[in-house]
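Reading through the structure tokens given below for one structure.
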Amino acid sequence: MNEKDTVRLSKRLSRHLRHAPEEIGIQLTTDGWTDVAPLLAALRITRDQLDHVVETNNKRRFAFDETGSRIRANQGHTVPVELDLPVETPPATLYHGTVAKFLDAIMADGLRPMSRHDVHLSPDVATAVKVGSRRGKPVVLAVDAGRMHADGHVFRLSANGVWFTEHVPAAYLSST
Ligand code: HQG
């Protein structure tokens with residue numbers, strides 16, 4: 001598969017493993033898994049093609065279970081799933097990439113999960129710049145994760161290095 005086809009398949013997988021499984025007639029378990037065989041049939045792809053996308057994905061967006069017979073998205077769902085991600089102590093500072101038009105609302109209400117399950121935070125500025133760039137000229141906010149953690153906020157870490165928390169009150173945010 002060339003790069004373009006790989007990215008296209010990655011986007012189809014994200015769509016169906018995070019947002020719209022019913023569109024291709026697959027079902028997700030409560031923890032987000034789906035059987036590989038029906039997925040291959042529904043997407044009309046081979047196991048080799050699926051393996052290639054999972055292995056080469058730049059953000060490790062997908063993971064197989066121990067048996068290799070099930071797959072799930074590591075993060076980013078809008079359908080209800082319980083990923084049971086581990087609670088972890090965050091680094092002192094995390095980052096959130098966004099765009100200027102959201103800043104007034106964010107500084108009034110803090111960071112909210114919007115359509116996802118949690119607020120997504122990045123471990124470094126470069127990653128946050130990429131996240132913000134999806135929507136326009138990126139603006140990166142620093143999150144005082146050390147103080148949030150000390151104040152009792154819970155942080156979870158995905159298999160691909162994205163940090164999650166339920167809400168970041170504006171008092172923990174600053175510009176970078
Ligand atoms: C903004 C991609 C108004 C928030 C990325 C963001 C990430 C508010 C947008 C992952 C707000 C939500 C998630 C508030 C937050 N008022 N706007 N109170 N609080 N916002 O896409 O973080 O490539 O749901 O700043 O790389 O942009 O899909 O979240 O702009 O890891 O794997 O509301 O998606 O990963 O947008 O991105 P999103 P996000 P993948």
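All of the numbers you see were taken from the coordinates with simple rules; none came from a lab. Since the structure is predicted, the reported quantities are computational estimates derived from the model, not experimental observations. Don't worry about glycine lacking a Cβ; one is built from the backbone with ideal geometry, like all the others, and counts go over all protein chains shown.
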Residue list for the stretch 105-134, filter: near the ligand (Cβ under 10 Å from one of its atoms), touching a Pro at 6+ places or on another chain (Cβ under 7 Å) and either of a type in the set (Asp, Glu) or farther than 27 Å from Thr30 by Cα (or both): Gly110, Gly132
Residue tally, condition under 22 Å from Lys130 (Cβ atoms) and part of a loop (DSSP other than H, G, I, E, B), over the stretch 58-82: 9
Inter-residue pairs, beta-carbon under 8 Å, first assigned to a helix (DSSP H, G or I) and in the stretch 93-119, second near the ligand (Cβ under 7 Å from one of its atoms), 6+ apart: Ile106/Thr98
Of all residues in the stretch 30-58 being hydroxyl-bearing (Ser, Thr, Tyr) and without any contact (Cβ under 8 Å) to a residue 40 or more places away in the chain, the one that is nearest to the ligand (Cβ to nearest atom): Thr34
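Just checking, which of Lys101, Lys137 is within 9 Å of the ligand (Cβ to nearest atom) and farther than 24 Å from Pro80 by Cα?
Lys101
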Criterion (at positive phi and surrounded by 15 or more Cβ atoms within 10 Å (Cβ to Cβ)) met by exactly one of Gly110, Gly132: Gly110
Residue within the stretch 77-89 that is surrounded by 14 or more Cβ atoms within 10 Å (Cβ to Cβ) and within 12 Å of the ligand (Cβ to nearest atom) present: yes
